[in-house]
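Okay, so here's the structure we're looking at.
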Amino acid sequence: MSGPERDPHATDDPTGQAGTGAPADQPAEEPVAGQPRRSGLRNPEAAVRGLGAGTLALEALVLLLAIQPVRVVGGDLSGAAIGVVVALAVAAVVLAGMMRRPWAWNAGTVLQGLLILGGLLHWSLFGLGIIFALVWAYALHVRRVILG
């Protein structure tokens, strides 16, 4: 080493606070009673909106890509069932773009219920509805944990 050796854990701050506002022997931040717990995200609302929008966009993509395999493998997929799948995919894309609105989360939940009801037209729609309802329930859980 060409320069003076230095302890990597040493600080230039003689108080031991090192910009945290707390002495070195105490934790930097403790939750205060009555205040919401911080998630550690810079913008938790945007992160949660992104999760919801991504979930709905993925659902729309899967619904549209599932039409042909269901027709080939599952057989009798009627025109009404295809119309329902396309309408639900379009609704999912529209809702993904509207996640800033507080009612969009409730509308996403309704969308999952409608997909499950689509199972009356074809059994595969029921299966997709159950899968995406579980994914949506997890997204709602994450939203509740992060935003409180």
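No lab work stands behind these numbers, since they all come straight from the coordinates. Computed from a prediction, not measured in an experiment: that's the story for all the values here. In this analysis, Cβ positions are derived from the backbone assuming ideal geometry, glycine residues included, and neighbour counts consider all displayed protein chains.
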Between residue 82 and residue 103, what's the calculated FRET efficiency when r is the beta-carbon distance and R0 is 35 Å? Round to 0.05.
0.80
Listed highest first by mean packing, meaning other Cβ atoms within 10 Å per residue, what order do 137-147, 45-55 come in?
45-55, 137-147
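Sort 76-89, 106-119 for me by packing, meaning the mean count of neighbouring Cβ atoms within 10 Å per residue, highest on top.
Answer by packing, highest mean first, reads 106-119, 76-89.
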